[in-house]
Amino acid sequence: MERKDVPQNLQWKLTDIFVSDEAWEKEYKAAEKEYGEYDFSAFSGKLADKTTLLKCLRLNDTVSRRLEKLYVYAMMRSHEDVRVAKANSSLAMIRALISNVFAELSYVEPELTALADEQLQAFIADPDFADYEYRLRKIVKSKAHVLSAAEEKLLTLSGNVLGDFQNVFSMLNNANLNLPKAELNGEETQISHGMYGVALRSGTREERKEWFEKYYGAYIRLIDAISQTYYSNVKADVFYKTARKYESCMEMAMQGEDVDKKVYENLIKATHAALPVMHDYISTRKAVLGLEEQHMYDVYVPLVDNADIKLDFEEAYALVVKGLAPLGKDYQALLEKGKNEGWIDVCETEGKRSGAYSTGVYDTHPYVLLNYQPTTNDVFTVAHEMGHALHTYKSSAAQPYAKADYTIFLAEIASTVNEVLLLKYLYNDTTDKNLKKYLLNYYMDMIRATLFRQTQFAEFEQIAHAKAEAGEALTKESLNEIYYQLNQDYYGAGITHDKEIAYEWARIPHFYNSFYVYKYATGIISAISIVKRILTEGETAVKDYFGFLSAGGSNDPVSILKTAGVDLTTDAPFEAAMKEFKDTLEEFKALCKE
Ligand SMILES: [Zn+2]
């Protein structure tokens, strides 16, 4: 399908931001000229003065609001057809302008950090700084780990060298991996990262085995280089944690998010306590699939034949609106508004960016990109992306610019709440046993992949870092050993653990962004607790949840979550999520017996 053939009402309305590409270009040129001539350094050295500081912070906001509007338009325009060179060059231009302008403002954060404690506290207490109060509180917290100006300069310089392991891994993982071909659905197919997942879900047993062995074979051939790269990456973390006087790399990463490290510890503890349920799930899979031996390449096969709900977009959207009824009429009205007012780009067209996302900035409404196909999975994608969109919408509506952006830690909660609510609605709405089983399987796989698997990764990172912190060298042998043991712990005796799986750590790009993946797990755990409250307590819970959606980044993420009734510093939400997994498995087993 060509973009020009898509009905207007199924396209997003970028004209809400700029009426035309010419208007964008005019505004870009104006911003480039104005900021090119502007003396951003005028405030430098004077931030202790209240009026100057306020002026500087407000200027920062004005500049970034203007630039991000230019950016988001250019980005979305280029995604409409990634082959259009002009759109790509506009995007590159605005990227460069943003990086130039913010390089000139990069003195602000260090200078604020260098202010005396009493001075910062006075600003925090001053109502004129209400928009910046949380940002300033974070700066106070970080002060204990900020070094002298000369040391900070060295650390910044070192970033050029020590921040590069992600790129090295990316080269190994893409340019040098040399993935071979393998058979899929009877056809010789080139193995790629994307096709690997497809093959493990849809290939025959023989094919899955072949893909698994060949895919890991490619990593095994590069394992010396990958081990050294990962070890160097961990050593870089240890270097910064030592320089900045943190107890551990994990603590350093958690403080960067302003999250109590207890959350990480709670996650690992609760997941371990629930591993027997995970083992039960794995054994149930083995029984349902009728396997004598279950290998890791069998774990992605759906347990239930596709019970696809084949709906066109309008019907699917109506279903999502209906399924999210527990969130109330106002929420449903916003969903309708989004569909009717050009937030969503629905159809897959030639050259369009693949996948789905939600975006938008403070001065625009949210936007959602889809490549909608009539499958059950895509109905969930609609609910998921609209969850992001309305989170952004409500935060922007309620918060001043400086506090509107929510952190990554909170980012996947609203989207998951919507998926879980929709799932429960569909489950209760149908008498079709196959669809019921399909939905339970969908839910269990979501929990397995987002909660258990990401926690397994998180634990691997923690163990690897702890060893390096203790001065132990990380080798391919030690890294494999850690991972192989974890895989046995997590999947249990229902799996025949092939030697290849010890190398799985070697193919995870997220490991070069240390202590990141645990947020996926805490996200789904929070969402499960929120849904439970909404379905049992109704209106009060919804009101609290809207408080969460409207809070943006106005406080530390754990405190914001507490407004929705989820306290991740306690065991309760973790235990509730594990119980949900257990209940779902029991329900599934009961349906299989019927
Ligand atoms: Zn998402």
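The values are calculated or read from the model by the stated rules, or taken from the named source; none is laboratory data. Worth saying up front: this structure is predicted, and the values here are computed from it rather than measured. We place every Cβ from the backbone using ideal geometry, glycine too, and count neighbours over all the protein chains shown. Side chains are part of the model used for accessible areas, which takes the heavy atoms of the whole protein and leaves out ligands, DNA and RNA. Shrake-Rupley method; radii C 1.70, N 1.55, O 1.52, S 1.80 Å.
In a reduced charge model with +1 at each Lys and Arg Cβ and -1 at each Asp and Glu Cβ, the stretch 119-193 shows a dipole moment near 360 debye about its Cα centre. For MET93, the solvent-accessible surface with a 1.4 Å probe is about 70 Å², rounded to the nearest 10. Placing unit charges on each Cβ (+1 for Lys and Arg, -1 for Asp and Glu) gives the stretch 60-194 a dipole about its Cα centre, and among VAL82, ALA149, SER106 the Cα reaching farthest toward its positive end belongs to VAL82.
With a 1.4 Å probe and all protein chains in place, put GLU68, GLU575, GLU594 in order of accessible area, largest first. Could you put the intermediate results ahead of the total?
On the way: GLU68 45, GLU575 115, GLU594 145 Å².
Listed by decreasing accessible area, they come as GLU594, GLU575, GLU68.
Within the accessible area of the stretch 3-114, what % is carbon and sulfur when the probe is 1.4 Å and the other protein chains stay in place? That fraction is 55 percent.
Across all Cα pairs in the stretch 61-181, the calculated P(r) in 5 Å bins from zero up to the longest distance comes to 2, 8, 11, 11, 13, 16, 14, 10, 7, 4, 2, 1, 0 percent per bin.
Order the following by accessible area, largest value first: HIS388, HIS272. Probe radius 1.4 Å; ligands, DNA and RNA are ignored.
Values: HIS388 20, HIS272 70 Å².
Solvent-accessible surface, decreasing: HIS272, HIS388.
About its Cα centre, the dipole of the chain is roughly 280 debye, where the only charges are +1 on Lys and Arg Cβ and -1 on Asp and Glu Cβ.
Evaluate the relative contact order of the chain (contact order divided by residue number), counting alpha-carbon pairs under 8 angstrom at least 6 apart; express in whole percent. Present the calculation step by step, with values, prior to reporting the outcome.
Details: 719 pairs, mean separation 111.4, N = 594.
Contact order relative to length: 19 percent.
In a Debye calculation with equal point scatterers on the alpha-carbon sites of the stretch 46-110 and no solvent, what is log10 I(q)/I(0) at q = 0.20 Å⁻¹? Results for the stretch 46-110 at q = 0.20 Å⁻¹ read -0.78.
Distances longer than 13 Å among the Cα atoms of the stretch 529-583: what percent of all pairs is that? Of all Cα-Cα pairs in the stretch 529-583, 59 percent lie more than 13 Å apart.
Over the chain, what portion of Cα pair distances is larger than 31 Å, expressed as a whole percent?
On the way: 99860 of 176121 pairs.
Within the chain, distances greater than 31 Å cover 57 percent of Cα pairs.
The distance between label points at ASN185 and ASN9 comes to 3.4 nm (points 7 Å beyond Cα on the Cα→Cβ vector). Rolling a 1.4 Å probe across all protein chains gives HIS497 an accessible area of roughly 30 Å².
Please go through the residue pairs LYS261/LYS582; LYS269/LYS579; LYS138/LYS403; LYS269/LYS519 and name each one whose alpha carbons sit more than 18 Å apart in this structure. Flagged as over cut-off: LYS261/LYS582. By the compact-protein rule of thumb, 2.2 N^0.38 Å, the alpha-carbon radius of gyration of the stretch 3-114 corresponds to a ratio of 1.32. Mind jotting down the distance between the C-alpha centroids of the stretch 443-486 and the stretch 537-578, whole Å? Cα centres, the stretch 537-578 to the stretch 443-486: 28 Å.
Using +1 on the beta carbon of Lys and Arg, -1 on that of Asp and Glu, and nothing else charged, what's the dipole of the stretch 3-114 about the Cα centre, debye to 20? Could you put the intermediate results ahead of the total?
Details: 17 positive and 18 negative charges, 47 e Å.
Magnitude of the dipole: close to 220 debye.
Panel note: the C-alpha atoms of the stretch 389-439, placed on their principal axes, show extents of 49, 19, 10 Å (largest first).
Spacing of the modelled spin labels on ALA333 and THR475, each 7 Å from Cα toward Cβ, amounts to 6.7 nm.
Projected over every direction and averaged, the convex hull enclosing the alpha-carbon atoms of the stretch 428-516 yields 7.7 nm².
Taken as Cα centroids, the stretch 53-68 and the stretch 213-275 sit 35 Å apart, rounded to the nearest whole angstrom. Heavy-atom accessible area, probed at 1.4 angstrom with all protein chains present, ranks CYS347, CYS249, CYS592 as CYS592, CYS347, CYS249, highest first.
Filter the trypsin sites (Lys or Arg not before Pro) in the stretch 67-108 down to the DSSP loop ones having no more than 12 other Cβ atoms within 10 Å, then list what survives.
Values: sites: LYS69, ARG77, ARG83, LYS86, ARG95; in loops: ARG83.
When the trypsin sites (Lys or Arg not before Pro) of the stretch 67-108 are filtered for loop state and at most 12 Cβ neighbours within 10 Å, ARG83 remain.
Between the alpha-carbon centres of the stretch 282-308 and the stretch 489-509 there is a gap of 16 Å.
Helical content of the chain, expressed as a calculated mean residue ellipticity at 222 nm, amounts to -20500 deg cm²/dmol (DSSP H runs of 4 or more residues, -39,500 (n - 2.57) each, divided by residue number, nearest 500). Mind scanning LYS55/LYS141; LYS33/LYS153; LYS26/LYS86 and naming the pairs with a C-alpha gap bigger than 26 Å? From LYS55/LYS141; LYS33/LYS153; LYS26/LYS86, over 26 Å: LYS33/LYS153.
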